[in-house]
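Working notes for the structure below.
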Amino acid sequence: MIPTDPKEAANVGKQWGEAITDSVFGFSDDIKKVKAKNQATKARNELIKINNEVARNNNLLRQQAMRELADEQERQRMARMSPAQREAYKKAKAKAELDERNRKVEAENTKQIIIASLIGIFVLFAIGMGVLFVLRH
């Protein structure tokens, strides 16, 4: 029903105009909102990336500082040692480093042997299955 009062008619016209405007231009508003949301997400991801890089750099610097501190403490300990103690310490340290290196090499060799064994078992299994398949047919 169309109102006869001019104020009510103006309100109804305004409401119809808003409804039509929202239906026509609402899509562009939604697109703008999505673009703004995407930009905000991109900016947030960029900040996260930067923060992660800063944290990674801080960790590297902290590790370097700890190594330098440990080296300095070792130099101070060695300075307080007698020449014989120093020589014994150097030999023990070199032996520990050699043992660690040998342990790593042995672990890698063991890993390669296990992988080669598994591949061999798989190949033998595949050949066996092939032979069984040929014998059955």
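Numbers at a glance
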| quantity | calculated |
| --- | --- |
| Hey, R56 surrounded by 10 or more Cβ atoms within 10 Å (Cβ to Cβ), without any contact (Cβ under 8 Å) to a residue 40 or more places away in the chain and among the charged types (D, E, K, R) or not | yes |
| Conditions (1) of a type in the set (K, R); (2) surrounded by 10 or more Cβ atoms within 10 Å (Cβ to Cβ); (3) modelled with pLDDT under 95; number of the one not met by R80 | (2) |
| Residue check, A88 over 28 Å from the mean Cα position of the chain (by Cα) and assigned to a helix (DSSP H, G or I) | yes |
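The values are calculated or read from the model by the stated rules, or taken from the named source; none is laboratory data. What you see is a predicted model, and the numbers here were worked out from it, not measured in a lab. Note that each Cβ is placed from the backbone with ideal geometry, even for glycine, and that neighbours are counted across all protein chains shown.
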